Amino acid sequence: MLLGLVITLYSSLALAKEVYRSPSHIALSNDGKQLFVSETTANTVAQLRSVSGKLVRRYTTPSEPTGLALSPDDKKLYITTGVSNGQVLVFDTQSGKKIASYKTGHSPTAPVVSADGKTLYLCNRFNHKVAIIDTESGKTRASISVKREPLAAALTLDGAHLLVVNHLPAGAANAGYVAASISIIDTKTSKVSNEFKLPNGSNGLQDICISADGKYAYVSHVLARYQLPTTQLERGWVNTNAVSVFDLNKMTFYNTFLLDDIDLGAPNPWGIATSENGKILAVTHAGSHEVSLIDRVALHKKLSPDNEETPNDLSFLVGIRKRVKLPGLGPRHCVIAGQQLYIAQFFSNDLAVADLSNTDDPVVSTLPLGPVQQMDITRRGRFLFNDGSFCFQQWQSCTSCHPSERIDALNWDILNDGIGNPKNTKSLLLAHKTPPTTVTGCRANAETSVRAGIRFFMAVLPESDAVAIDEFLKSMKAVPSPHLVNNQLSVSALRGKAVFKKARCNKCHAGDYYTDLNLYDVGTGTGREIDTKFDVPTLIEIWRSSPYLHDGRSQSIREVMTIHNPNDDHGYTKNLSGDDIDDLTEYVLSL
Ligand code: HEC
Ligand code: HEC
């Protein structure tokens, strides 16, 4: 028995020591000699020599490193980190010492340094803002609102514009056109000067790169076919995977092409990079553990801004790209240094290095960032959730509709409530704690929904894998709301807390998770449903999951309580003053 105890103790210690490195971002030094890799679940950044792969040092960050950039002389490394306590850390790349830290907004990411090294741009993801920071003083010169959850950015070669990638669509989901966009910031005026619209259904935008000649920008994303009922997966009927191209001379959208083949999807495009000589465009497929090496010259011979059918053409890349299976799992960001393509492989804790001198049959090796680690059950669940390789013909992963385990801001007619009444995708945070699941409550619990998701959207998986997905989803933690002030309710939100009671919101949005787990008719039926009683949703992290109501008709909480509650069926809001509504909104957005 004692031996058993010792073994248990030993194995739990061994498990505790296991750190997953989960590399996500890579920055290449301007001289091409060094690589910096964010190891997101280890709270470290590795500095490596690019040719030998030798580890120079590791930088430690107080929380997940979310983005990396180098000064033009490669002497300074900028790391974004933190959530509500977002900050930029500045390190000396020769001594490894920390030089400075600047405070910034909520969940900073995607730092970009200007050519003169004087300005640092970054995206404060959950403030939906881009900060412009003076690198000398660390002061924020401007903070500019963009559309929604900016995740990546790139400066045009002349430095005149910053192209900002909005991760998700903003606005109501029952509109005719729903897509994420690119916000263009004029760096002289520090204002949004333009917006590039993408094809209907574009979402889950991940990364951007600009060709070495400065003429084109490329953005990787999912292209959802949300207008169709999800009756089949074949031919990209549900989700396709794409790259959108922008003409930077004319500053216009150029066209979008698909990365999928007719009978083989390229799920979850993530990192994107072009080679210095302009010949290659590389795009990683995070869901199928592959990279596409596209002949960029041939691509531009074929790609025309006038062909409206290109975004639907599943054979567009035939003959002009090579799909390369990678040695690891979960490829994310990538960079090209000369003839080497480096890819961060999140789930195998290493980098893939592809030799681009022969793109017909590239040699791919692995550069480990630490010892090989077994995945525990939660990690395996996370992996499976992001994995599209077990999906029928690899069209999608759970992440395709639930990016960051939350929402794609789209409505889907997923046929669990008849046909012709699409439902807004639900966040999976707290799904296991708040049965029943789906807005109509047609599934008893999240376990049932997870297995339905696997069966209807993917393929078959052993029960042990479904259990792993459950464990992963159960381990999710809510992100603190950007509406909190020093982690507390603001004065307005405190007043709103009282209004929440006065308007009887807490009758149904009760308990720790703000739901009594029942179904009610709150006057939101459209007339198409079999039943107009809906499951009371949790309000935790609701600041993050607009649009609202089962058909995503409401862009804001204010609209839920005003134009969509004309008869006081959904709490008593009719007689509330404008100030009360403001305070109530602020409170709900703080949960
Ligand atoms: C095609 C898009 C799509 C894909 C792919 C998808 N989901 Fe969903 N999921 C949805 C939508 C839409 C809803 C909300 C349905 C409703 O309310 O009727 C949902 C709801 C859920 C729920 C219930 C949440 C709740 O609290 O009610 C769970 C759990 C879930 N999905 C898990 C998964 C898993 C696991 C996968 C991958 C195996 C997956 N989903 C793949 C669109 C998708
Ligand atoms: C009678 C029960 C009940 C009361 C009272 C109630 N709610 Fe709800 N609430 C629901 C139900 C049911 C839904 C789902 C409706 C739908 O999707 O069409 C919902 C949805 C919401 C949503 C949208 C959530 C999402 O994810 O789309 C918000 C926000 C919300 N309620 C806030 C409030 C506020 C604020 C009050 C008080 C003014 C309130 N509710 C009062 C039952 C209730």
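The values are calculated or read from the model by the stated rules, or taken from the named source; none is laboratory data. Given the structure is predicted, the values throughout are model-derived calculations rather than measurements. For neighbour counting, all protein chains shown are included, and Cβ atoms are generated from backbone atoms with ideal geometry for every residue, glycine included. Side chains included, ligands, DNA and RNA excluded: accessible areas come from the protein's heavy atoms. Shrake-Rupley method; radii C 1.70, N 1.55, O 1.52, S 1.80 Å.
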Item to complete: Tell me, yes or no, whether the range 495-510 has at least one residue that is open to solvent by 60 Å² or more (accessible area, probe 1.4 Å), within 9 Å of ligand 2 (Cβ to nearest atom), among the aromatic types (Phe, Trp, Tyr) and not assigned by TED's automatic domain parsing to the domain that holds Cys442.
Response: no
Discussion item. Looking at (1) free of Cβ contacts under 8 Å to residues at least 24 places away in the same chain; (2) closer than 26 Å to His128 by Cα; (3) of a type in the set (Ser, Thr, Tyr), which one does Ser400 not meet, given that it meets all the others?
Written reply: (1)
Worksheet entry | Test: residue in the range 55-68 that is part of a loop (DSSP other than H, G, I, E, B), among the aliphatic types (A, V, I, L, M) and open to solvent by 20 Å² or more (accessible area, probe 1.4 Å) | no
Item to complete: Find the residue count for the range 371-399, including only residues that are open to solvent by 30 Å² or more (accessible area, probe 1.4 Å) and assigned to a loop (DSSP other than H, G, I, E, B).
Response: 8
Worksheet entry | Which numbered condition Tyr514 fails, given (1) open to solvent by 40 Å² or more (accessible area, probe 1.4 Å); (2) modelled with pLDDT of 95 or more; (3) more than 14 Å from Leu539 (Cα to Cα); (4) within 27 Å of the chain's Cα centre (by Cα) | (3)
Worksheet entry | Those residues of the range 517-526 which are open to solvent by 50 Å² or more (accessible area, probe 1.4 Å) and near ligand 2 (Cβ under 6 Å from one of its atoms), in sequence order | Tyr520
Worksheet item: Does Ser50 satisfy being touching a residue at least 24 places away in the same chain (Cβ under 8 Å), over 19 Å from Pro371 (Cα atoms) and touching a Lys or Arg at 6+ places or on another chain (Cβ under 7 Å)?
Response: yes
Discussion item. Please verify whether Asn239 is at pLDDT below 95 and not hydrophobic (A, V, I, L, M, F, W, C), treating the condition exactly as stated.
Written reply: no
Worksheet item: In the range 69-89, what count of residues is obtained for those that are outside any strand (DSSP E or B) and within 16 Å of His333 (Cβ to Cβ)?
Response: 0
Worksheet item: Using beta carbons and a limit of 8 Å, which pairs, at least six apart or on different chains, have the first residue in the range 138-150 and closer than 28 Å to Lys197 by Cβ and of a type in the set (S, T, N, Q) and the second one part of a strand (DSSP E or B) and open to solvent by 20 Å² or more (accessible area, probe 1.4 Å)?
Response: Ser143/Lys129; Ser145/Lys129; Ser145/Val192
Discussion item. Can you tell me which condition Thr359 does not meet? The list is (1) within 11 Å of ligand 1 (Cβ to nearest atom); (2) β-branched (Val, Ile, Thr); (3) modelled with pLDDT under 95, and all the others hold.
Written reply: (1)
Worksheet item: All but one of (1) surrounded by 14 or more Cβ atoms within 10 Å (Cβ to Cβ); (2) farther than 18 Å from His221 by Cα hold for Lys301; which doesn't?
Response: (1)
